[in-house]
Each structure stands twice: as structure tokens, then as C-alpha cells.
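Here's the structure we're looking at; comments come further down.
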Amino acid sequence: MTSISTDILHVGVWSLDRDGVTTAANVRMHEMLGLESPALVGRPILDFVEPSNHHLILSGLRRRAEGLRDSYDAHLVAADGHTVEVRINASPVVDDSGAVVGSTAVVVDISDLTAAQAIRNAALQSAEQSATLATHLLSLASHELRTPLTSLRTNVSVLRRRFDTLPADAREQLLNDLDSETRELTDLVNELVELA
């Protein structure tokens, strides 16, 4: 069987003993942490894990000691101090007698994926807010514009039928009402345009 070098992979490969001390790591793992190879060898994994995530790693090491494999996300700390968000897929390593002697993990940098998801979520939230605002504006326009429009129609209808028979002061009042309702309607339309 031909063995494939882990140094050609685009993912990190990190091997630990039972105590969580690095026994081997490929070039990509060193690149993720901003270290020269073989700087990880002999170093505990917790040296490169954000303190708030130590419990994840320790819990994972316990599961590996029980012979279990799992996958979880964690935050590693690179040599320059920046955080690298990773997905760790870890499996136990057993010797010929079947005893667990350590673990090996495939480590994938998901920082870009997480950033893209955050942007997507923000865009979705913005779209939802816009849809809610549009619904509110439509409701407002429907209610607030219909009242003055109904009044305008009624007054125009009265004007058409009875303008000549109305006394001068009633005609003046009707024209003032039409003017007032037209201004109110214009103001409502302007408010709606500003909100949009």
C-alpha cells in the first residue's frame, strides 16, 4: 500500500499523545498557527487553544481515551495572537494491543466560512427588516391614504351635483375642505417617500 504524505493536504493533521502533547503535525497545521515546522512537536495542544475553548479540547481528549471519535468547532490562537476558527475531526490512535495511545485530528480552517455566514446572516436580517418595513408602509399607506381619498371623492361628487345650488359660503367651505384634504394627502405621500 502506498502512503500519502500529509504535507500535500490543504488541511491540518495534528497527532497527540494521551496527555494532549503534540507528537506530529503536518506543514499545513504549522501554517495555520504561523509556526515553522516542527515547532508544534513536544508542545501541548492547549498552548494553541483559546482559553475559553480549553474545556472542548479536554473533553475531546477524554472521549479519545475512551476510543471515541468526534467533530467540533474550536478557536486556536496563532503565534501572532490572531484567532483561527477551526473544525476538528478527531479519532483515537490505538496500538497493536488495542490500547488508546493518543489521537489524530484533521483540522480545517473555517474562519472564511464563518465570516461568510455572518455576512449572509446580516444580509438576511436586513432583508427581513426591509420586508417588515415594507409591510408596515403598505399597511400605513392603505389605511392613511384611503381616508383622505374617500373624503376627496365625496366632496368632488357633491361639487359636481350641487355646486350651483350651494350658497357661496358652503361652496367656499367645500373648496377649503378639498384644499385641506389635498394637502394632507400630499403630506402623507411625502412621509411615506421619506420612510422608504
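General remarks:
- Selection of segment 33-42 for residues being surrounded by fewer than 16 Cβ atoms within 10 Å (Cβ to Cβ) and either without any contact (Cβ under 8 Å) to a residue 12 or more places away in the chain or at negative phi (or both) yields Glu36, Ser37, Pro38, Ala39, Val41.
- For segment 59-92, the candidate set comprises residues that are part of a helix (DSSP H, G or I) and within 19 Å of Ala25 (Cβ to Cβ); within that set, the residue that is nearest to the chain's Cα centre (by Cα) is Gly60.
- Any hit, segment 158-177, residues being part of a helix (DSSP H, G or I), surrounded by 11 or more Cβ atoms within 10 Å (Cβ to Cβ), touching a helix residue (DSSP H, G or I) at 6+ places or on another chain (Cβ under 6 Å) and at pLDDT 80 or above: yes
- Some residue of segment 118-130 being of a type in the set (Val, Ile, Thr) and open to solvent by less than 60 Å² (accessible area, probe 1.4 Å): no
- The requirement of being farther than 14 Å from Ala105 by Cα and β-branched (Val, Ile, Thr) is satisfied by Val77.
- A search for C-beta distances below 7 Å between a residue of segment 180-196 that is modelled with pLDDT of 75 or more and any residue that is aromatic (Phe, Trp, Tyr) and exposed (fewer than 12 other Cβ atoms within 10 Å of the Cβ), counting only pairs 6+ apart in sequence or on different chains, returns nothing.
- Across segment 1-39, the qualifying residues are those that are of a type in the set (S, T, N, Q) and at pLDDT below 90, and the one among them that is farthest from Ser59 (Cα to Cα) is Thr2.
The values are calculated or read from the model by the stated rules, or taken from the named source; none is laboratory data. Bear in mind that the values here come from a model prediction, so they are computed numbers and not experimental data. Here the Cβ is made from the backbone with ideal geometry for all residues, glycine too, and neighbour counts use every protein chain on show. Just so you know, the surface numbers come from the protein's heavy atoms only, side chains and all, with ligands and any DNA or RNA stripped out. Shrake-Rupley method; radii C 1.70, N 1.55, O 1.52, S 1.80 Å.
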